[in-house]
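Take a look at the structure below.
The values are calculated or read from the model by the stated rules, or taken from the named source; none is laboratory data. All of these numbers come straight from a predicted model, not from anything done at the bench. Positions of Cβ are backbone-derived with ideal geometry, glycine not excepted, and every protein chain shown enters the neighbour counts. Calculation scope for accessible area: heavy atoms of the full protein, side chains included, ligands and nucleic acids excluded. Shrake-Rupley method; radii C 1.70, N 1.55, O 1.52, S 1.80 Å.
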Amino acid sequence: MKYLIWFILIAVALFFVAKFMKQFKVAKIGSLCLVNGGVKCGKSTLSVAIVRSEYKARVRKVKFINFFRKLFHRPLKELPLLYSNVPLACPYVPLTDDLLLRKKRFVYGSVIYCQEASLVADSQLIRDMDINQRLLLFNKLIGHETKGGVIVYDTQCINDLHYSIKRCLSNYIYVHHLVKWIPFFLIAYVEENRYSDDNSVINVQDKDVEEKLKKVFISKRNWKYFDCYCYSFLTDSLPVEKTIVKNNLQTQDLKARKILSFRKSISEVQNEKKND
């Protein structure tokens, strides 16, 4: 009877653990991975976590293989490297045009990170057919030409990606939001979507998207390895505008008499109203 009670308790515990673990996801990637999400939703945090995890696993694997190769006096395999188009707080190789255009090669088995991929090459890059063809070959053959390497892209809008990425994309990880209040850990709420040929998502949302999201645990240590505001250097040196307009709460007239617009027609309408 005693053993039966223990068996039942263990079975119940395993049931609840299995039920709990269904809410979580381990990101599985092939040779090309895309992480997609809105502005500041946590896509770069998840991307860097994937990149660092993949890189450490590959280095450990090659070191293990090389240990036995030394014993049999066989040539050692190259240790994989980490490539990135943004600075990382760890040893990395800057991602360059020559690498993307296949004029230089990556160390075999390496991990490549390309943040804000549409800034590198967007959907409008169609005039230079040589660049287009090289980028298409790069993305099509990245797994072959790196002998098992992987590239991780992240971007805000898939439609703005260069067609060479979209042509090679079958699925991607969508990040809805990031939970930050838990000590030592972050939780990314994600969904794995499939990408279709007509630039749309195959998944049809028949209910609130948050009901389908799964969780990915990320160590907060990943925040130390990249600057989530790294592109702020573009405006950091500009003069700061901080003139505050104090409107009286009793003001009756809150009409927008000035429309901020680069469209000439709107400016002309404003001037006409002003003259009247």
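Below are the figures for this structure:
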read-out: Residue, surrounded by the most Cβ atoms within 10 Å (Cβ to Cβ), within region 133-163, restricted to residues that are among the polar types (S, T, N, Q) and at pLDDT 90 or above; value: T155
read-out: Qualifying positions in region 7-43 - at pLDDT 70 or above and either open to solvent by less than 20 Å² (accessible area, probe 1.4 Å) or among the aromatic types (F, W, Y) (or both); value: C33, L34, V35, N36, G37, C41, G42, K43
read-out: Where A89 falls short, out of the listed (1) in contact with a Lys or Arg (Cβ under 8 Å, 6 or more places away or on another chain); (2) crowded, with 16+ Cβ neighbours inside 10 Å; value: (2)
read-out: Scope region 161-178; condition part of a helix (DSSP H, G or I), within 11 Å of L34 (Cα to Cα) and either in contact with a Lys or Arg (Cβ under 9 Å, 6 or more places away or on another chain) or not aliphatic (A, V, I, L, M) (or both); matching residues; value: K166
read-out: Subset tally (residues that are aliphatic (A, V, I, L, M) and either over 17 Å from the mean Cα position of the chain (by Cα) or at pLDDT below 85 (or both)) for region 183-212; value: 4
read-out: Among (1) loosely packed, with under 15 Cβ neighbours inside 10 Å; (2) touching a residue at least 12 places away in the same chain (Cβ under 8 Å) - the single one S123 does not satisfy; value: (1)
read-out: Number of the condition not met by F68 [criteria: (1) open to solvent by 20 Å² or more (accessible area, probe 1.4 Å); (2) touching a residue at least 40 places away in the same chain (Cβ under 8 Å); (3) over 23 Å from K220 (Cβ atoms); (4) in a helix (DSSP H, G or I)]; value: (2)
read-out: Of all residues making up region 104-134, the number that are within 27 Å of A57 (Cα to Cα) and not aromatic (F, W, Y); value: 11
read-out: Residues satisfying the stated conditions in region 80-116, i.e. closer than 27 Å to S232 by Cβ and assigned to a loop (DSSP other than H, G, I, E, B); value: N85, V86, P87, L88, A89, C90, P91, Y92, L95, T96, Q115, E116
read-out: Residues that are touching a strand residue (DSSP E or B) at 6+ places or on another chain (Cβ under 8 Å), over 20 Å from P94 (Cα atoms) and outside any loop (DSSP other than H, G, I, E, B), drawn from region 123-160; value: I158, D160
